[in-house]
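Engineer: Sending over a structure as structure tokens; questions will come in a sec.
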Amino acid sequence: MTSELVPGPDSPDAVSEIPGLPPEDAGRDEHLRRAEGAILRADDLIAGYLPGVNILNGTDLYCHEGELVGIIGPNGAGKSTLLKALFGLVNIHTGSVKLRGEEITNDRADSLVTKGIGFVPQTNNVFPSLTIFENLQMGCYQAPKKLDERIDFVGSIFPALIERQTQRAGQLSGGERQMVAMGRALMMEPSVLLLDEPSAGLSPALQDEVFVQTRAINRAGVSIIMVEQNARRCLQICDRGYVLDQGRNAYTAPGRELMNDPKVIELYLGTLAKA
Ligand SMILES: Nc1ncnc2c1ncn2[C@@H]1O[C@H](COP(=O)(O)OP(=O)(O)OP(=O)(O)O)[C@@H](O)[C@H]1O
Ligand SMILES: [Mg+2]
């Protein structure tokens, strides 16, 4: 049923090779070799929201245990769609997602949370009418016995949340809300955390804080896959980055390597890279 949705190599919809970057087949072979043993991997994902309209067009991704992986790319490239597909919120037509080798393709989000995946969406990521504490509590409603221990952990990363735990999330600034959203996702002790643009809409100082906190979560042992519009800052802190374009990975390499690659600068970072 799905094959007719997928553009073949000769179809006008097929994504052509991007000049100056390695051919896609080379990327796929490299992916298959390097993804071996990954904690989370996605292979050749074709996915989308509507029948006949694929947003992901053969996307590959892997994250090894302890890695901080960044995904950058132009608006509409499919970055959020990719995270949502990993988290069971977008239907995957073909391809597979595996967590520690276990097939989890199209598993439901609540089941993925119990298996160790946490997700912080790009928008609407807190319950505004609930207090900070209640938001955190909601994060581990599936494992209430963990509450005290996880509150301690979240407090070690975001002390301000504990100090202000009785305040309603709807009264918080954008930066504080982002902390609540990340804190809530950490309540189930995820082994992999998916973050969609955690620094979006924040002042430069608060953006820095979010990147420092993301690094701290990663150093505490959580593998992270982070989508970011602040491409330069993201590539500075991540172990490895992906450039996503038209639902297909154009390139993957260590963050600093990508940041200094003239082709990536020219095609994707523009003046950001020189800032
Ligand atoms: N719920 C939806 N239903 C139908 N199409 C959608 C939906 N959400 C996103 N799309 C479409 O999917 C494509 C990719 O969107 P997506 O949000 O994944 O991009 P993105 O790379 O995250 O962009 P941005 O940098 O703006 O956040 C876009 O063409 C968008 O219009
Ligand atoms: Mg997005």
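Engineer: Cut-off 10 angstrom, C-alpha nodes, Gaussian network model of the chain. Which of GLY255, GLY247, GLY116 fluctuates the most?
Structural biologist: GLY116
Engineer: Working from Cα positions, state the angle (0 to 90°, nearest 10) between the long axis of helix 147-157 and the longest principal axis of the chain.
Structural biologist: Around 70 degrees separate the two axes.
Engineer: Report the antiparallel proportion of the DSSP beta bridges in the stretch 3-274 as a percent, rounded to a multiple of 5.
Structural biologist: 55 percent
Engineer: Now for a separate question. Taking springs between alpha-carbon atoms closer than 10 angstrom, which of ARG248, ARG41, ARG108 fluctuates most in the Gaussian network model of the chain?
Structural biologist: Among ARG248, ARG41, ARG108, the largest GNM mean-square fluctuation belongs to ARG108.
Engineer: Next question, about the same structure. So what's the back-of-envelope 222 nm ellipticity for the chain, counting only DSSP H runs of four-plus at -39500 (n - 2.57) apiece and dividing by all residues, rounded to 500?
Structural biologist: Value at 222 nm, helices only: -9500 deg cm²/dmol.
Engineer: Of LYS115/LYS145; LYS79/LYS115; LYS98/LYS263, which ones are farther than 28 Å apart at the Cα?
Structural biologist: In this structure, LYS98/LYS263 lie more than 28 Å apart at Cα.
Engineer: Given 25 °C and 0.890 mPa s, how large is the Stokes-Einstein diffusion coefficient of the chain in µm²/s, with Rh as the Kirkwood radius over Cα pairs?
Structural biologist: It comes out at roughly 128 µm²/s.
Engineer: Now, a different point. Give me the angle, in degrees from 0 to 90, between the Cα long axis of helix 174-186 and the longest principal axis of the Cα atoms of the chain, rounded to the nearest 10.
Structural biologist: Roughly 90 degrees, rounded to the nearest 10.
Values quoted throughout were computed directly from the atomic coordinates according to the rules given, and no laboratory measurement underlies them. This is a predicted model, so every value here is computed, not measured.
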